[in-house]
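One structure below.
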Amino acid sequence: MRHGRNDRRVRGFATVFVVVAIAIATLVLLSLQSTALRQASAGREALARVRAEWAARAGVEATIAVLEFQTQQGGSVTAWDLFAAMDEVSAGTLDGAEYDIRHTDDRGNERPGVMDAHSRLNVNRMQFDDLMLLPGMTEDVADAILDWIDPDDVPREFGAEAGYYLALPSPYEPRNGPMRTLAELELVRGVRPEQVRGEDWNMNSRLDPNEDDGDLSWPPDSANGILDQGWGAYLTAASIDQSPTPTGQERLYLLDASEAQLVNRITGINPLQARVILDFASQDNARLEDLIARPLPNLASSVPNLGAPAQSVPALTEDQIRKILEECTLHDPNGPPVPGRLNINTVGMETLQYIAGLPVGFADQLVFARNTRPEGFTSVLDLLDIMGPVQVAQYSRLFAVESNTFVVSARGRDVSTGIEVDVVAVIARPRLPVVIYDCTVR
């Protein structure tokens, strides 16, 4: 009897042991399966993100290819041709992924295609009176912005220079040069990030879900389906004023040019005119656009050893002035980039409100005039239709008719998972090939 009881106990313990072992093995197997599933899911998600990112990059590369091709076409391309061509590649489909390129204009409307950096005011060109027109701007902040950009260490009346920034708990030095990105504004004393970014917290110029949900997630927003970009709707630091000429040649740098080179480049001018132009170009603060309002015979009167009466120097024709502006420069091609001007073909009505001193009604006249031109404005000289030559020369400090820098906000999407990745790239054509100045993956 005792042996039978012992056998039953042994069999009972063995059964319990087997059950426990099976349970442990099951738990281990489930744990391994769960880990494997998590790893597989993470792997699929990582692969999807890679696919989405490279789709977005494909959108950037497609835009670059179009920009280079259109630039190579030279003078045969109008302002509208360039943007129409880039719009054609603003969306695309790849194997298992797709991309689209969009931006929000200065009125909060989302549009397909790249953002023209020259449709916004370059903060590095703005004066005190311009800055004071921005929403929420104060005199101390305007002075601090100008102090950040200017090359000296002497603070303006209400400004701030290195002494202020170096005394901060986490010290840094001001740029004392042109800002490189708009986000750099946030380093200036008194500038708040919400002023610069508005609701566009990641600065991709697109209305993202977290920027249209009220207070549910950062940043706070109005949840009205319209992206408030803050100052970013009107300002940029990206645009540059250098570009290839319509003939595809490097611009003729007049401070190093000879009379013969200028005569060969600009059809119809003679050596006497070339001598006057080169003498004018060598003067301090000379600007080629001043030739619009200053007749060549008047300039000739101050040229030493001209060898002919000043009044015998023929005045430049409008076509010759146009050609000089297209083919020549007073900026060293090997020097630092020059902050870009506004493209009067693409600037919006809202942005024009932040230029101090524009004539009353100019914005309406400008938009009406360009809407009646099938090719858009092809030269700042076209502004002679709405203002006098002195005003055209003056405002050409701000205005141009071409764009060299573009912000490509490309969103890639993996079709199977819906995972999205944004690539925001700043591309420019100071010369060919096109240059990528900045690229951010989000």
(request) Would you check which residues across the range 203-219 are closer than 20 Å to Glu186 by Cα and touching a Pro at 6+ places or on another chain (Cβ under 8 Å) and list them? (result) Glu211
(message) Which numbered condition in (1) acidic (Asp, Glu); (2) assigned to a loop (DSSP other than H, G, I, E, B); (3) within 23 Å of the chain's Cα centre (by Cα) is the only one that Asp130 fails?
(response) (2)
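Identify, from the list Leu278, Leu325, Leu272, Leu299, the residue that is free of Cβ contacts under 8 Å to residues at least 40 places away in the same chain, out of contact with any Phe, Trp or Tyr (no Cβ under 9 Å at 6 or more places or on another chain), surrounded by 15 or more Cβ atoms within 10 Å (Cβ to Cβ) and assigned to a helix (DSSP H, G or I).
Leu278
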(message) Need the failing condition index for Val60 against (1) buried (at least 21 other Cβ atoms within 10 Å of the Cβ); (2) in contact with a Lys or Arg (Cβ under 7 Å, 6 or more places away or on another chain), just the number.
(response) (2)
(request) Select, from Pro304, Pro359, the only residue that is over 23 Å from the mean Cα position of the chain (by Cα), loosely packed, with under 13 Cβ neighbours inside 10 Å and closer than 19 Å to Leu398 by Cα. (result) Pro359
(request) For Tyr172, indicate whether it is surrounded by 14 or more Cβ atoms within 10 Å (Cβ to Cβ) and either under 27 Å from Glu211 (Cα atoms) or at pLDDT 95 or above (or both). (result) no
(message) Against the conditions (1) of a type outside the set (Phe, Trp, Tyr); (2) at pLDDT 90 or above; (3) closer than 26 Å to Asn334 by Cβ; (4) surrounded by 12 or more Cβ atoms within 10 Å (Cβ to Cβ), where does Pro244 fall short? Just the number, please.
(response) (2)
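Could you count how many residues in the range 183-234 are on the phi > 0 side of the Ramachandran plot and surrounded by fewer than 18 Cβ atoms within 10 Å (Cβ to Cβ)?
The qualifying residues number 4.
If I ask for residues that are assigned to a loop (DSSP other than H, G, I, E, B) and farther than 22 Å from Asp200 by Cβ, which ones from the range 82-118 would you list?
Those that are assigned to a loop (DSSP other than H, G, I, E, B) and farther than 22 Å from Asp200 by Cβ: Glu88, Val89, Asp95, Gly96.
The values are calculated or read from the model by the stated rules, or taken from the named source; none is laboratory data. The structure presented is a predicted model; accordingly, all values stated were derived computationally and were not measured. Methodologically, a virtual Cβ is constructed for each residue, glycine included, from the backbone with ideal geometry; neighbour enumeration extends over all protein chains shown.
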